[in-house]
Structure formats: structure tokens, C-alpha cells
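Some notes on the structure that comes next.
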Amino acid sequence: MSGWQGSEQAPAGRPTPVGRPLLSLTLASMMDEVHAHSGAVYLLTRGEPVLEMAVMAGMPRAFAAPWERVGLNAPIPVAVAVRERRLIWVGGEEEMARRFPRIAMVLPYPFALAALPVATAGTVYGAVFVTWPGSHPLELSDRERDHLTASCARLALRLERAAAKQRPLLPEPDLLAPSTAPATGTLGTLATVEAVRMVARLPYGMCALDLNGRISFANAATADMLGVPVSGLLGTHLWASVPWLNDPVYEDRYRAALISQHVTSFVALRPPGDWLSFRLYPSTTGLSVRISRARAVAEMARAGPRHEDDDTPRLVTISQVLGLAGALTQAVGVEDVVQLVADEIAPAVGSKALVLLGSRSGRLRVLGHRGYADPHIVERWHGVPLNAQTPGAQALKTGLPAFFDSRQQLERLYPSLSATPDGMAAWAYLPLIASGRPVGTCVLAYARPHTFPAEERAVLTSLSGLIAQALGRALLYDAKLQLAHGLQAALLPHSLPSLPSIEAAARYLPATQGMEIGGDFYDLMPSHGLAAAVIGDVQGHNVTAAGLMGQIRTAVRAYTTVGQPPEEVMRSTNRLLIDLGAELFASCLYLRLDPAREVAVMSRAGHPPPLLLRPDGRVRVLDLAGGPLLGIDAAATYPTTEVPFAPGSVLALYTDGLIESPGVDIEDALADFGRKLTEAGGLSLNALADALVEQGGAVTQERLDDVALLLLRALPHD
């Protein structure tokens, strides 16, 4: 870590750091001047574009653990402050969720934050952030702004002077309030003893937590209610020492109280049936916790079970948010995103229906929906102009979320919607912003009126950022997939021609990994009264392979049209591939069919051998002469082999993706393919093609390679 502070010069000429903690004192003074309750100083790491936390004050460093080291390009306030050389102000949790969803996802609590660069005119030394409770006004005052700016400027000048003298900065401890503070200085010993006795007499539990969440004091009633002796509580975390409090939601309430400096509370069930109420009173030195019997909750519990359609407001916890984030990373296409939001997010927040909206040509379009039985209800969103006065369009246009607790509230702002009720009673319209670009709107609908507390709004806004990232990736994937399928369809034959005395059937399946596009190809064409066929496999299964495949197929057609014999077609195609300078190779099998003579003349370039199903039902693997792969040797020759092709015979031409499997010997694979060809040989040619592809597992299994199959049957000739 880089950084310096002034000091006296030590003997032997070595720079000696000052014992005075420059960063800690500066941060403490800055926080005191603006009445902030926490903050941190970052220093720019020498030789790296990274900000590293040097000192933190007011709360445990664990709260900021994900941001102890921050890249300068990260979407984090301190990094933005350094990049833009200005103060970054975030006035509350909704603004934090909208602008910095990564932070809001982990800390979905009401607090305000200011981040500033620590820099001179020519050099950046680091950054500072300070936070205030959620009760802070939405705007930073001029006095606060001036104090913060001046403090950072003074710190930068001190670091500059120390750097010029090459005086290093020693590590400094974080500024946390002590877990216990002696009371004798204020109350006196007698008063302290009496205070302890008073607390001990209280009929409810009282305990104190330090800033790290450890119990520093507990009265006897606390021990009785929690079922753990005082000695077993002191120095431990409440959620760790009491087994039935070991739930992330309770630790989340402690974090919420400490960061927001607001009183928070929760109820918990002590097995088998005692409900306890916990109320947390925060300050800058820790928290006081009052524990009492939650009789009202106990009465509700005895009244009966909670119904499935009970829409009591709920809050997604940090652990749930992280789980939802992990689930969204699994989404590939847009339909996957819709399904994951329906399966994971909607149930977690109590939503009964959802619609995912995108935009095209200045209008909304429905990308997917769940929970609406009548599709006509969803159609009202489709085609709405983006400048229309509807909540879905406005959320996408402005980038601001909108929450409606009831239908009356929605219709008061958008009267036109009263004519098209959707059967729901509350809505959250979440704009989906990915990399600063609007990609859609997520509409969550609730069956009953539903209040949206500030914390829940922040969580939903954070979730919208995760959905937006997943949707952005999915839209791009679907667009690429559509392009790939269109390109593949354009490069392969739309249909096979009808030729005299030849029946043909073909199948093509792209690899299931990547863009689902490949370099396998086939073709069937007339050739001066005869028929010619080709099958090949360009190395790879991507756009480059597909483009080269199209060039090879076109070249083969051209050479066939001018009447070149099979060996010349292969030689010409090989030279063309080399002249193109392509770095990919291709295997190929070309044949000229002569039904009148009942023969097929074949030339092979490193391609798997074809199989011949004879009229008597026997299968023969054709051992053909040939040459190397196309695109390797410009002087290569490709000799031909003449094979009998009597009426009723079937030639099976294929690429290696049909028969090759990991761990299976190629000879065994060929033998198995031959058996399948024999067993299904009596089927029609199209049915035979389907059977060979399906029995090979190419349809149902994940395909690492493309699959092409071309079947040719000799028909009786006149």
C-alpha cells in the first residue's frame, strides 16, 4: 500500500514514519465536523489501479469486506470519485440501489454516503467515504460539502509533502469504540453499582452489543429468556451463542440498526412455542437490546396457521439476494430469465404475477409473463409507445422504479388504466438498467394491497439490477442465436433436388455449445446427366467455420457444374482453400453417381468412410482411397474409388459428430452404426434418417460437435 506521513529524520539517513496516525485523525476529524457516523480512507496501491482500505471508523470492517480492495473501474462510489475527480453523493437507499446496486444488494439499509477523491492537481493518493444515518436529508448541505472537500484537500497536501520526503505511512488501526466504557468517571462507583442493580431488577432482558456485535453486558432476565447463562453470552455474538437465533435474518437486523442508526426490531420463536421480541437501539458506540415476551405474536400463532395467500409484507434477506443472484447467472436465453424470475424472485417477494417488458422500435414488447391466466391482460402492454403515460413505459424511459400499494393509488396517477383492470391489487414497476442502458421493465403484481417499506424498495431495486444484467446477456444470446440459425439455414440446402433414379434424405444438427452453428455441410446436385453429392466438415463450430463451409460448398458446386471429375473437384477445392489463406482445415467426401452403370465414383479427403447398405441387408464399410485434409498441401492428390451402387442400395454419408463419443473406440462406433443401419434398413429413407440420428443420441444428448447425415438410395432405373 502506498501513502506517507510527515516525521522527523531518523539516524543513518533512513526515512522514519511519524507515530502520529495521520489517516485516523483526519478521518475522525472529518466525521466529527459533518456528524457522520462511519467512514473509511482508501489509498491507491503503488503500481496497481486499485484502491485499498487503510482505515475504517464507526463500524466493523467486515461490513465493507467486499470493498476492502476496489479496482478503479469498479462501479463503487470511491472508485467513481477517483475516476471523475469529484464528490459523489448518494442520498438514500433507493438512490443507492439505482446507481450502485452492488452495494445496495449487500447493504439494503437506509443510509446516506459521500465519497471524495484525495488528490492534488497532479496526483491521486486515494479516496474517502463517510456515511450518515438514514434520517440525513436527501441533499448534502453546503457546509458539509465544504468541510469534506477541504479535509480531503488538506490530507492530499500532507501526503504529497510526505511523499516528497519519502516517508512511509505506517499501518493504522481502525477506529472502533471500545466494547465497554468505565462509568466511574461520570456516575461514580456507587452510582454504577446501583445502575447494575436496577437493570438486574427489570422484568425484561437487557443486553449490550459492541460495534462488532459481541455481547458486552447481559442481565439475568436475558439469560432466562434466551436459555443461556450470562457467562455463555458475554463476548459472543447473539446469533452464534443462541442456536435458535442462528439465522441470517437476525444478523441482518443488527446490521440494519448499526448502519441506518434507526431503531429496528424483530420477533423470533424460542422452541417449542415462545415468541420473543427483540428491539435494537443503536448509537455510534454499539447497540442496546431489549428482549421481552411477544404475546401478540403468540396469540396470532395460536389462532391458526398462515394461509398460502397471506400477503404480509416480507423482506428478502442478504442470503436470499445472493442466492437469487447465483440463480440468475444460470439464465441463458430470455425465456430462462423469465422462468427464473417466476421461480426464484416472485415467490421470495410475495408477487403473484409478473411481466417482463423490453422495447423495439420505440415501443414496449412483452418478453414473457407468468401468473396471468388470461393472455389478453398481458397484451395491453404490447406495442405501447415508450412516451406513453403508463407506468411500464415511464419506468423504462426514466429509469426510476414505481411502487403502487393499491389500485386506487395506481389509478390516481394513471386514470387510463382504470378501464383495463388486471385483477391485481399492488404493483412494483422496476426499470432494468444494464451497463447504463435500459433493457426493459420488470412488473411484479400482488394479489392484495401490499405496502413497500423503504428497505423492501431498496431490495427490489437491487434485484432489478441483477435481472437487468441477466436479461441483457439473454437478449444478446438470443440475437446471436437467431443470427446463427439464419446464417446456417442460408448456407445449407433448403431442400434436396429430385434426381432420376436417386432418392435422398439429409439431417443436420449443430453443436449445442457456443452459438449452435457449425462447419458441417452436405449437398446433392445434378451433373451432366448424372448426380453428384458431397459431405464435409470444416474444423470448428463457429461463425468462421460456417463461413468457410459456405465457400467450400459453393466451390464444389461450381467445379461440378463445369464437369470436373471427382479427383479434380477435390484438388481444385483444396487449392482454393489454401489460396484463401484460411487457417482452418476441412474433411470432405465427394462422389459422382451413375445409376445407369450402377456405380458410384468417390474421392475422399480425410473424411470418415461411408457405409453401404446392400439390397440383401448386409452393411459394408467402404475403404476408400484418398488424400489429406483440404487446406494442408497444395500439391495433394485425391484418387478415386469406384463402388457398386445397385438399385435398393443405400449409401450413408455422415460427419464424425454422429458416431464419435468420448471414451468410445472409433471401430466400435462404426460397428454400432452399421448394426443400426441394418436393423432400420427397411424403413423409408426419411424414417431411416430420423432413426439413425435418434438412436445415435444426437437429438437428446449434449452435442460437442455438429452432426450431418446424407442418405442416398438407388432406385430402379428405366
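The values are calculated or read from the model by the stated rules, or taken from the named source; none is laboratory data. Keep in mind that this is a model prediction, so the values were computed, not measured. All Cβ positions, glycine included, derive from the backbone under ideal geometry; neighbour counts span all protein chains shown. For the accessible areas, the whole protein counts, side chains as well, though only heavy atoms, and no ligand, DNA or RNA atoms are used. Shrake-Rupley method; radii C 1.70, N 1.55, O 1.52, S 1.80 Å.
So here's what we get for this one:
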{"item": "Rough spin-label spacing in nm, given labels placed 7 Å along Cα→Cβ, for residue 361 and residue 85", "result": "4.7 nm"}
{"item": "Among 439, 531, 109 the positive-end extreme of the charge dipole of the chain (Cβ point charges)", "result": "109"}
{"item": "Segment residue 490-residue 668, extension gain: residue separation times 0.36 nm, minus the distance between their alpha carbons", "result": "60.6 nm"}
{"item": "Integer Hz, Karplus 6.51/-1.76/1.60 couplings in order for the range 490-506, x for Gly and Pro", "result": "6, 8, 9, x, 5, 7, 8, x, 8, 10, x, 6, 10, 10, 9, 8, 9"}
{"item": "Low-density loop cleavage sites - GluC sites (Glu not before Pro) in the range 58-103, where at most 12 other Cβ are within 10 Å (DSSP)", "result": "none"}
{"item": "Long-range HN-HN contacts of residue 527 with modeled amide H, under 5 Å", "result": "532"}
{"item": "Heavy-atom accessible surface of the chain: percent carbon and sulfur, 1.4 Å", "result": "55 percent"}
{"item": "FRET E, pair residue 578, residue 25, Förster distance 60 Å, beta-carbon r, rounded to 0.05", "result": "0.25"}
{"item": "Cleavage-rule hits (trypsin sites (Lys or Arg not before Pro)) in the range 537-637: DSSP loop, at most 15 neighbouring Cβ within 10 angstrom", "result": "597, 618"}
{"item": "Span per principal axis, largest first, for the Cα atoms of the range 514-653 (Å)", "result": "44, 34, 24"}
{"item": "Derived scalar couplings ³J(HN,Hα) [the range 31-47; Karplus, 6.51 cos²θ - 1.76 cosθ + 1.60; whole Hz; x for Gly, Pro]", "result": "5, 5, 5, 10, 6, 7, 10, 7, x, 7, 10, 10, 10, 6, 6, 4, x"}
{"item": "1.4 Å probe accessible area per residue over the chain, in Å²", "result": "45 Å²"}
{"item": "The chain, dipole about Cα centre (Lys/Arg Cβ +1, Asp/Glu Cβ -1), debye to the nearest 20", "result": "2680 debye"}
{"item": "Residue 400-residue 244 FRET efficiency (beta carbon distance; Förster radius 35 Å; 0.05 resolution)", "result": "0.30"}
{"item": "Lys, Arg +1 and Asp, Glu -1 on Cβ, resulting dipole of the range 488-646 about Cα centre, debye, nearest 20", "result": "180 debye"}
{"item": "For the range 28-116, average projected area of the Cα convex hull in nm²", "result": "5.7 nm²"}
{"item": "Nearest-0.05 FRET efficiency for residue 437 and residue 618, computed from C-beta distance (R0 51 Å)", "result": "0.20"}
{"item": "Top positive-direction residue, dipole computed over the range 48-190 with Cβ charges, set 132, 156, 76", "result": "156"}
{"item": "Euclidean distance between Cα centres, the range 231-290 to the range 382-407, Å", "result": "39 Å"}
{"item": "Anisotropy class of the range 343-450 from Cα gyration tensor, a/c 1.5 cut", "result": "rounded"}
{"item": "Label-point separation, residue 685 to residue 409 (7 Å along Cα→Cβ), nm", "result": "6.8 nm"}
{"item": "Shape category assigned to the range 586-718 from the gyration tensor of Cα positions, a/c cut at 1.5", "result": "oblate"}
{"item": "Length added when fully stretched, residue 478-residue 292, from 0.36 nm per residue minus Cα-Cα", "result": "61.4 nm"}
{"item": "Charge dipole (the chain, unit charges on Cβ, about Cα centre) - positive-most of 555, 231, 629", "result": "231"}
{"item": "Nonlocal amide H pairs with residue 364, under 5 Å, H built at 1.01 Å", "result": "383, 384, 386"}
{"item": "Where N is the number of residues in the chain, Cα Rg divided by 2.2 N^0.38 Å", "result": "1.37"}
